[in-house]
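The values are calculated or read from the model by the stated rules, or taken from the named source; none is laboratory data. Everything numeric in this text was worked out from a predicted model, so none of it was measured. Note that we place each Cβ from the backbone using ideal geometry, even for glycine, and neighbour counts take in every protein chain shown.
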């Protein structure tokens, strides 16, 4: 009888741990040490594009979350100036664009073959379910499982 009880307690342990992890993910506030979402335009991007290569170095849409990752940082490592919105970034320069309002923004972007880039800014997760869903989405995206 004691052996069965001990085994059932051991079997319940993983469930308890899983429940604790889910509770933490749902109830703990979402935060980030660094609110920057950084993208780099690598050296040679313009030359490769002019040579006919389909260079996709930046995503067509960048998704930011207010209060967590809400500052877009672009670094121009290329040999030529790059345009992002109204900003001309010279080689070696960086550009920081903080967002304070959830919305979808369209920018001209010379690093894209289409010449356009969309930045979608969403509200930070406020409820337990939103925090749980946000953490799951971030976990999946970090592993390329989107």
Restricting to the stretch 73-95, what's the tally of residues that are assigned to a strand (DSSP E or B) and more than 22 Å from residue 44 (Cα to Cα)?
-> 0
Breaking point among (1) in contact with a helix residue (DSSP H, G or I) (Cβ under 8 Å, 6 or more places away or on another chain); (2) surrounded by 14 or more Cβ atoms within 10 Å (Cβ to Cβ); (3) modelled with pLDDT of 90 or more, for residue 25 = (3)
Checking 68, 87 in turn, the sole residue that is under 17 Å from residue 36 (Cβ atoms) and surrounded by fewer than 17 Cβ atoms within 10 Å (Cβ to Cβ) turns out to be 87
Identify the single condition in (1) more than 18 Å from residue 36 (Cα to Cα); (2) at pLDDT 90 or above; (3) exposed (fewer than 14 other Cβ atoms within 10 Å of the Cβ) that residue 127 does not satisfy, given that it satisfies every other one.
-> (2)
Among residues of the stretch 121-130, those that are under 15 Å from the mean Cα position of the chain (by Cα) and in a loop (DSSP other than H, G, I, E, B), counted = 3
Examine the stretch 55-76 for a residue that is within 30 Å of residue 134 (Cβ to Cβ), touching a helix residue (DSSP H, G or I) at 6+ places or on another chain (Cβ under 7 Å) and without any contact (Cβ under 8 Å) to a residue 60 or more places away in the chain, and state whether such a residue exists.
-> yes
What's the number of the condition residue 49 fails, among (1) modelled with pLDDT under 85; (2) part of a loop (DSSP other than H, G, I, E, B); (3) surrounded by 11 or more Cβ atoms within 10 Å (Cβ to Cβ)?
-> (2)
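Residues checked against (1) part of a loop (DSSP other than H, G, I, E, B); (2) at positive phi; (3) touching a strand residue (DSSP E or B) at 6+ places or on another chain (Cβ under 9 Å); (4) surrounded by 14 or more Cβ atoms within 10 Å (Cβ to Cβ):
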| position | (1), (2), (3), (4) |
| --- | --- |
| 105 | no, no, yes, yes |
| 114 | yes, no, no, no |
| 119 | no, no, yes, yes |
| 132 | no, no, no, yes |
| 135 | no, no, no, yes |
| 144 | yes, yes, no, no |
